[in-house]
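The values are calculated or read from the model by the stated rules, or taken from the named source; none is laboratory data. Please read all numbers here as calculations on a predicted model, not as lab measurements. We place every Cβ from the backbone using ideal geometry, glycine too, and count neighbours over all the protein chains shown. In case anyone asks, the SASA skips ligands and DNA or RNA and just uses the protein heavy atoms, side chains included. Shrake-Rupley method; radii C 1.70, N 1.55, O 1.52, S 1.80 Å.
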Amino acid sequence: MAVRIGANPIGWSNDDMRELGGATPLEVCLAEAKEAGFEGMELGHKFPREPKALAHVLNQFGLSLVSGWYSAELLRRDANDEMEHLRPHLDLLKALGCSVLVFAETSNAIHSDRTKPLAERPVLAAAEWAQFGKRMTDIAERTLSEGVRLVYHHHMGTVVESADEIDALMTATGPSVHLLLDTGHATFAGADPAALARQYRTRISHVHMKDVRADVMAAAREQRLSFLDAVIAGVFTVPGEGCVDYPGVLRELRGYSSWVVVEAEQDPAKADPFTYAKLGYQNVRGYLRDANLL
């Protein structure tokens, strides 16, 4: 498939802190996303989870389903147990024609806990990576056999956050496990998203594009903020509004031919979702065009 530009509803309604945008109807999110130019949407907590109902609401706005986040607990569950928990979500993605599954380990994550500064996030011991990677590879092989590629979402406040942890994950997993490159989370974690794109180009099958406000990021680290408090403070924004070098990242993704998703969680009371959706779409389309990816 050619590169297509999708959006995540987190700019309208936050999944981890549901009072942010909680009163915004799903239909407003979808209508504004479509008007901004997006072709598809990822799932959020306001979407129906029955295939026919989900297809109906998306079709009303001419949008495709891109994928949807899955909260894994592979540090606590073996692959068979995880597949039982994953099955309804996987079947929903399959029914709507999705090619990737957004997958992240959350059994001990702190990204949704405002009482925990990011500095207190969980860290895997060296001896734990082998089993973690083996279980994930098993899951990825099973989902791929059903036509859906597992893409791992490195994320602030989780056990896969830093560049070293992304490297450890990719080393511990087989080729069935691919990477979701998130430019914002990589930058916030101190990694270089362009370097990640260069290193893992052949195993990147999904891209989240959000920018980072460098001053807010520095303050969040200095003040030992939680992830959600950093979000409320405005650490993330849409591409073109922060410090991420998007031309540099996209130069390393030559030949990429899947979705890129604008996913920039902000407080909608401070950052009007429709305004930022339009800006994000326009900027991303320009970056992709300049990189010959459109």
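What the table below lists for this structure:
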read-out	value
Zone residues, the stretch 156-184, relative to R224, backbone N less than 19 Å from point 7 Å out along Cα-to-Cβ	157-158
Gap separating the Cα centres of the stretch 10-67 and the stretch 183-251, nearest whole Å	23 Å
Residues with amide H under 5 Å from that of V244, placed H, sequence gap 5 or more	V212
For the stretch 187-294, fraction of C-alpha pairs farther apart than 23 Å, in %	29 percent
Heavy-atom accessible surface of the stretch 187-294: percent carbon and sulfur, 1.4 Å	45 percent
Set K52/K116; K46/K278; K34/K210; K46/K134 screened for pairs whose C-alpha atoms are more than 30 Å apart	K52/K116; K46/K134
Partners for K270 among aspartates and glutamates (Cα-Cα distance below 18 Å; same-chain residues under 8 apart left out)	D15, D16, E19, E32, D211, D215, D229, E241
Cα-based Rg and Dmax for the stretch 17-114, where Dmax is the largest Cα-Cα distance (Å)	14.9, 43
The stretch 194-294: trypsin sites (Lys or Arg not before Pro) in DSSP loop, at most 10 other beta carbons within 10 Å	K270
For the stretch 84-158, alpha-carbon Rg relative to the globular expectation (2.2 N^0.38 Å, N residues)	1.27
Reference-scaled alpha-carbon Rg (2.2 N^0.38 Å with N residues) for the chain	0.93
